[in-house]
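Q: What follows is a single structure, and I will ask about it in a moment.
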Amino acid sequence: MKEYFDSIGKIQYEGKDSTNPLAFKFYNADEVICGKTMKEQLKFALSWWHTMGGDGTDMFGCGTADKSWGETDSAARSKAKVDAAFEIMTKLGIDYFCFHDRDLSPEYGSLAETNAKLDAVTDYIAERMKEDSSKKLLWGTAKCFDHPRYMHGAATSPSADVFAYTAAQVKKAVEATVKLGGKGYVFWGGREGYETLLNTNMGLELDNMARLMKMTVDYARSIGYNGDFYIEPKPKEPTKHQYDFDTATVLGFLRKYGLENDFKMNIEANHATLAQHTFQHELRVARENGVFGSIDANQGDPLLGWDTDQFPTNVYDTALCMYEVLKAGGFTNGGLNFDAKARRGSYEPEDIFYSYIAGMDSFALGLRIAAKMIEDGRIDKFVEDRYSSWTSGIGKDIIDGKVSMADLEKYALEKGEATDSLSSGRQEMLESIVNNIMFSL
């Protein structure tokens, strides 16, 4: 079988003092942290779209990287992508991958032909997975946003014909996910939103988005799918206002339509930035509401107003991310999918490996820091003490439902001013503790 990266061997862990750019400094797959190996805690996944197809094209210029994989024919290229992806995963020690249907195989002349070509590619992936049982599908999804038919949305299109086409495409993507043993299926509404309310029936669009999700859940369960369904929040881009703006917005949507027991969140760091939240905020909202599922591991640039999908290198963010993951009990069916791309100027084949190494090391270091934060206990103890008034006295009575509004009025009148019950939030001290832990490793 052709080797696409013959100058690159299997990436090894060499420790933090290594200066070898093709070695891990912090990701030691077999090292046990919080009762699991790093490989088990982090569950890294390759993103098929950016890694195998993203050639650096942006809104201002054409591609800079060759992602043809030596093939001019679309069907041959789809198969070559599989071989190249498995080589990348093997050399990096990554066990999982994620896909959009059209990343695996593009559209052809008709839906029937497109489906047949997709079947051929997923059959080939299934063969490769039998040869290497360590390789698994983390999740699949349907790319219902780039074709002109989706210019006004997919499930939220004003055209019932487009809704029907969307359902057919999603049905096939679910079948591909089941075929490849995936334990996750993601809904990301790339154009499920609006530019202006002057031409939008918001109520109908939201109803229809819920209809498609309910139909998908019912169909997937009927063919034996027992994994998770995820919604991936994003506030804008390409539409001005997305219906899946952030985790809190999505929770409201799920609860309105009775879908809260069927869906969890696939949280992306860059999407949190676009919503003007921190990555940790979105993860905390998901965790506190019992809908933490999976993560798209990347980072955005706060100086730019679009989804830059950079490989994560901000260790402060990865540490606070993994703190939330560990507090949630770790991943079940989800994992860390590198929905990230090398910069447009990093166009050579080895830049794929430099990028993944940077991301994997950043999350490995973040995992070490998060575990140390929990083991250290100072932050958890501070939070516990700060809210201690709720564990006894009037606070406990409130929580236990033993007091009325009249009782609370009486208590307040008797006690008087409440300012003396407050204490400093000590944000700067806590941030210093995090820095102390980070730099003690």
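The values are calculated or read from the model by the stated rules, or taken from the named source; none is laboratory data. Quick caveat: nothing in here was measured; it's all calculated off a predicted structure. Methodologically, a virtual Cβ is constructed for each residue, glycine included, from the backbone with ideal geometry; neighbour enumeration extends over all protein chains shown. Please note that ligands, DNA and RNA were not included when accessible areas were found on the heavy atoms of the full protein model with its side chains. Shrake-Rupley method; radii C 1.70, N 1.55, O 1.52, S 1.80 Å.
Q: Please go through segment 227-269 and give me each residue that is aliphatic (A, V, I, L, M) and either free of Cβ contacts under 8 Å to residues at least 40 places away in the same chain or in contact with a Lys or Arg (Cβ under 6 Å, 6 or more places away or on another chain) (or both), ordered by number.
A: Ala248, Val250, Leu254, Met265, Ile267, listed by residue number.
Q: Next question. Name the residue that is surrounded by the fewest Cβ atoms within 10 Å (Cβ to Cβ), counting only residues in segment 117-160 that are outside any loop (DSSP other than H, G, I, E, B) and in contact with a Leu (Cβ under 8 Å, 6 or more places away or on another chain).
A: That would be Ala126.
Q: Exactly one of (1) free of Cβ contacts under 8 Å to residues at least 60 places away in the same chain; (2) among the small types (Gly, Ala, Ser); (3) in a strand (DSSP E or B) is unmet by Ser18. Its number?
A: (3)
Q: If Asn226 satisfies every condition in (1) polar (S, T, N, Q); (2) open to solvent by 30 Å² or more (accessible area, probe 1.4 Å); (3) more than 20 Å from the chain's Cα centre (by Cα) but one, which is the exception?
A: Of the numbered conditions (1) polar (S, T, N, Q); (2) open to solvent by 30 Å² or more (accessible area, probe 1.4 Å); (3) more than 20 Å from the chain's Cα centre (by Cα), the odd one out for Asn226 is (3).
Q: Going by what's in this entry, would Phe311 be described as without any contact (Cβ under 8 Å) to a residue 60 or more places away in the chain and within 17 Å of Leu326 (Cβ to Cβ)?
A: no
Q: Would you pick out the residues in segment 65-93 that are of a type in the set (A, V, I, L, M) and closer than 17 Å to Leu104 by Cβ?
A: Listed by number, the residues that qualify are Ala75, Ala76, Ala80, Val82, Ala84, Ala85, Ile88, Met89.
Q: Right, next: So, in segment 341-350, how many residues would count as being surrounded by 15 or more Cβ atoms within 10 Å (Cβ to Cβ) and closer than 17 Å to Gly9 by Cα?
A: Here the count works out to 1.
Q: Give the number of residues within segment 91-116 that are under 22 Å from the mean Cα position of the chain (by Cα) and open to solvent by 10 Å² or more (accessible area, probe 1.4 Å).
A: Summing the residues that are under 22 Å from the mean Cα position of the chain (by Cα) and open to solvent by 10 Å² or more (accessible area, probe 1.4 Å) in segment 91-116 gives 6.
Q: Now for a different question. Got at least one residue in segment 59-75 being surrounded by fewer than 16 Cβ atoms within 10 Å (Cβ to Cβ) and assigned to a helix (DSSP H, G or I)?
A: Yes, segment 59-75 has at least one match.
Q: Confirm whether Asp307 is charged (D, E, K, R) and under 24 Å from His100 (Cα atoms).
A: yes
Q: Looking only at helices (runs of 4 or more DSSP H) that lie completely in segment 359-441, which have at least 2 residues being within 30 Å of Ala23 (Cβ to Cβ)?
A: In segment 359-441, 427-438 are the helices (runs of 4 or more DSSP H) which contain 2 or more residues that are within 30 Å of Ala23 (Cβ to Cβ).
Q: When segment 111-128 is examined, which residues are found to be among the hydrophobic types (A, V, I, L, M, F, W, C) and under 17 Å from Lys171 (Cα atoms)?
A: The answer is Leu111, Ala112, Ala116, Leu118, Ala120, Val121.
Q: I'd like to check something: does segment 73-82 contain any residue that is β-branched (Val, Ile, Thr) and without any contact (Cβ under 8 Å) to a residue 12 or more places away in the chain?
A: Scanning segment 73-82 turns up no residue that is β-branched (Val, Ile, Thr) and without any contact (Cβ under 8 Å) to a residue 12 or more places away in the chain.
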